[in-house]
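The values are calculated or read from the model by the stated rules, or taken from the named source; none is laboratory data. Model, not experiment: these values are computed from the prediction. Please note: Cβ atoms are built from the backbone with ideal geometry, for glycine as well, and neighbour counts cover all protein chains shown. Keep in mind that these areas ignore ligands, DNA and RNA; they rest on the heavy atoms of the full protein, side chains included. Shrake-Rupley method; radii C 1.70, N 1.55, O 1.52, S 1.80 Å.
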Amino acid sequence: MRHQALAEAARREHPGLLQRRQEIATGGAQLSALSNATVVIADNVVSFSGSTYTANEAGGTALIRLVRPASSRGTLSVDVATVSGGTAVPVLDYQSVTGPVVFADGETTKDFPITLVDDQVYRGTRTVLLQLRNAAQGALIGIGSAVLTITDNDQPTTLFSFTNTTAVTI
């Protein structure tokens with residue numbers, strides 16, 4: 001019953017949205033009869049604000065933003081974790097994060113910090129993989145994986161140099 005009421009409301013608000021259109025088949029193609037369809041209306045979603053973030057190791061902290069794009073009604077929690085698979089090394093490049101982020105009623109954005117380590121050694125650009133898990137209060141996870149790119153503030157060092165550039169024959 002509830003599904004029928006939702007479908008009727010969607011038809012009233014967006015005429016033609018849920019109608020199957022036979023005339024879109026061209027070139028002799030046939031559309032088969034639709035036996036079933038499920039429409040999910042998600043009004044309780046939590047997500048990374050994007051799939052990529054960038055921070056310089058000299059900044060000390062990378063702020064990662066989570067969003068509730070559809071609704072801010074009620075409290076909501078989701079676990080955030082740094083996971084294996086990136087090129088950055090925990091403790092040497094960043095401090096691992098595992099734990100809940102809690103949105104209060106009315107909040108649509110929440111930032112959580114990842115502490116970066118300024119190691120004074122040039123190691124190039126490194127990546128940290130981030131993941132959302134265990135959304136509570138019946139929430140769905142939108143963008144559930146992201147990559148933090150840590151840029152290096154150190155300069156490459158030269159291990160040796162040549163003072164005479166003439167060729168040597170052996």
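Points worth noting:
- Most to least accessible of D93, D152 (protein chains only, probe 1.4 Å): D152, D93
- Accessible surface area normalised per residue over the stretch 39-110 is 50 Å², counting heavy atoms of protein chains with a 1.4 Å rolling probe.
- Between T109 and A81, the modelled label-to-label distance comes to 2.8 nm, taking each label 7 Å out from Cα in the direction of the beta carbon.
- Ordered from largest to smallest accessible area (heavy atoms of protein chains, 1.4 Å probe), the residues Y94, Y122 come out as Y122, Y94.
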